[in-house]
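Novice: Before we start, here is the structure in question, set down as structure tokens.
Every read-out reported here was derived from the displayed coordinates using simple, explicitly stated rules and does not represent laboratory data. Only a predicted model underlies this, so the values are computations on that prediction, with no experimental measurement involved. Positions of Cβ are generated from backbone atoms using ideal geometry, with glycine treated the same way; all protein chains shown enter the neighbour counts.
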Amino acid sequence: MPIKESELVLNEDGSIYHLHLLPHQIADTIITVGDPERVEKVTKHFDEIEVKVSKREFHTQTGSYKGKRITVISTGIGTDNIDIVFNELDALANIDLKTREVKTALKKLNFIRIGTSGAIQKDIPINSLIATETAIGFDSLLHFYKSETIQDTKIASEVLQQLAMASFKARPYVIKGSKKLLKYFSSFEEIKTGITATNVGFYAPQGRVLRAELQDEHFMQKLSNFKYNKQKITNLEMETSGIYGMSRLLGHRAISLNAILANRITGEFSKNPEEIVNQLITFTLDKIAAF
Ligand SMILES: O=P(O)(O)O[C@H]1O[C@H](CO)[C@@H](O)[C@H]1O
Ligand SMILES: O=c1cc[nH]c(=O)[nH]1
């Protein structure tokens, strides 16, 4: 059955609705970044760029780095955008946009997030790098998909219990990244592995107070005290759970690489965020080229 026009939405030129891309414009290896301006900071290292398309916060460039074809796309902030970006990239790879039928041979894409994050353990320094082994989602994106079989419900129940979360908040879900990509990227000494918590905002959802009061003033303390099999939650950001969830649902591989800009326990913020983000960019590109 062809997918209806209201579900698989295409623009007049046949491109996919929000990303405005055509199937041949994406590579099998895709770097996601939050900030649209970070796309060029990655592709300035490329040997050549063949595609440049921008719509809303979704800026895409495809080209090659040391002979490897790579797409770089900005997602903007949050797992709501991840829902759009991952469904549309998967559609470009795995749905025939002319017949509107799912292809019989499905492609497995490799997703690598180059993002920024805040550490919630004292011993994780600012300007260090963390590869996410396990993501804890405080957003509710995955609950809207049939996803029970891909979730780690044991860790999720522990989170619910140890954090004593109010029942009106979304139930946390837990998803692992790609074992293969984690093994590869964490084999380099520049990067450590960790458990990343993803939440729906930068302020109260990450325990920050400017003027508005927190519903649960102990949330951050409970998050940094959380323990599962001696492992602690290392860092907080806003996309990884969605990226891991959508990748698993759609049969792709994903790894989230985080440049630590803030340490929420010591109260420090990087004096030169650009420098550590650039280090993560060159680290990632070189490792992708050698993969
Ligand atoms: O630097 P990016 O990749 O956007 O990632 C982090 O920074 C943003 C918040 O400042 C959120 O998107 C968070 O996940
Ligand atoms: O503390 C931080 C730093 C970067 N990005 C986040 O989401 N949180």
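Novice: Suppose we keep only residues that are among the basic types (Lys, Arg) and buried (at least 20 other Cβ atoms within 10 Å of the Cβ) within the stretch 239-271. Which one would you say is farthest from ligand 1 (Cβ to nearest atom)?
Specialist: 248
Novice: Whether any residue in the stretch 190-199 is outside any strand (DSSP E or B) and either away from ligand 1 (no atom under 14 Å from the Cβ) or surrounded by fewer than 15 Cβ atoms within 10 Å (Cβ to Cβ) (or both) is what I want to check.
Specialist: The answer is yes; a qualifying residue exists.
Novice: List the pairs whose first member sits in the stretch 197-215 and is under 14 Å from residue 242 (Cβ atoms) and acidic (Asp, Glu), whose second member is in a loop (DSSP other than H, G, I, E, B) and more than 10 Å from ligand 1 (Cβ to nearest atom), and whose Cβ atoms are under 6 Å apart, counting only residues at least 6 apart or on separate chains?
Specialist: The qualifying pairs do not exist here.
Novice: For residue 236, state whether it is within 16 Å of ligand 1 (Cβ to nearest atom), in a strand (DSSP E or B) and either without any contact (Cβ under 8 Å) to a residue 40 or more places away in the chain or buried (at least 17 other Cβ atoms within 10 Å of the Cβ) (or both).
Specialist: Considered against the rule, which asks whether it is within 16 Å of ligand 1 (Cβ to nearest atom), in a strand (DSSP E or B) and either without any contact (Cβ under 8 Å) to a residue 40 or more places away in the chain or buried (at least 17 other Cβ atoms within 10 Å of the Cβ) (or both), residue 236 comes out as yes.
Novice: If residue 266 satisfies every condition in (1) part of a helix (DSSP H, G or I); (2) away from ligand 2 (no atom under 12 Å from the Cβ); (3) β-branched (Val, Ile, Thr); (4) over 15 Å from the mean Cα position of the chain (by Cα) but one, which is the exception?
Specialist: Checking residue 266 against (1) part of a helix (DSSP H, G or I); (2) away from ligand 2 (no atom under 12 Å from the Cβ); (3) β-branched (Val, Ile, Thr); (4) over 15 Å from the mean Cα position of the chain (by Cα), the one that fails is (1).
Novice: Quick check on the stretch 26-60: of everything there that is among the hydrophobic types (A, V, I, L, M, F, W, C) and part of a strand (DSSP E or B), which residue is surrounded by the most Cβ atoms within 10 Å (Cβ to Cβ)?
Specialist: Among those that are among the hydrophobic types (A, V, I, L, M, F, W, C) and part of a strand (DSSP E or B), it is 31.
Novice: Let me ask something additional. When you scan the stretch 13-62, how many residues do you find that are small (Gly, Ala, Ser) and either within 16 Å of ligand 1 (Cβ to nearest atom) or at positive phi (or both)?
Specialist: The number of residues fulfilling the criteria is 2.
Novice: Restricting to the stretch 183-207, and then to whatever is within 14 Å of ligand 2 (Cβ to nearest atom) and among the aromatic types (Phe, Trp, Tyr), can you tell me which residue is farthest from residue 115 (Cα to Cα)?
Specialist: 203
Novice: Tell me, yes or no, whether the stretch 61-76 has at least one residue that is within 24 Å of residue 276 (Cβ to Cβ), under 12 Å from the mean Cα position of the chain (by Cα) and in a strand (DSSP E or B).
Specialist: Yes, some residue in the stretch 61-76 is within 24 Å of residue 276 (Cβ to Cβ), under 12 Å from the mean Cα position of the chain (by Cα) and in a strand (DSSP E or B).
Novice: Here is a further query. Residue 54 - would you say it is closer than 23 Å to residue 108 by Cα and in contact (Cβ under 8 Å) with a residue 12 or more places away in the chain?
Specialist: Considered against the rule, which asks whether it is closer than 23 Å to residue 108 by Cα and in contact (Cβ under 8 Å) with a residue 12 or more places away in the chain, residue 54 comes out as no.
Novice: Could you tell me which of the residues 151, 162 is over 19 Å from residue 32 (Cβ atoms), touching a Gly at 6+ places or on another chain (Cβ under 9 Å) and of a type outside the set (D, E, K, R)?
Specialist: 151
Novice: Hey, among the residues in the stretch 202-219 that are within 16 Å of ligand 1 (Cβ to nearest atom) and not charged (D, E, K, R), which one's nearest to residue 172 (Cα to Cα)?
Specialist: So the residue we want is 205.
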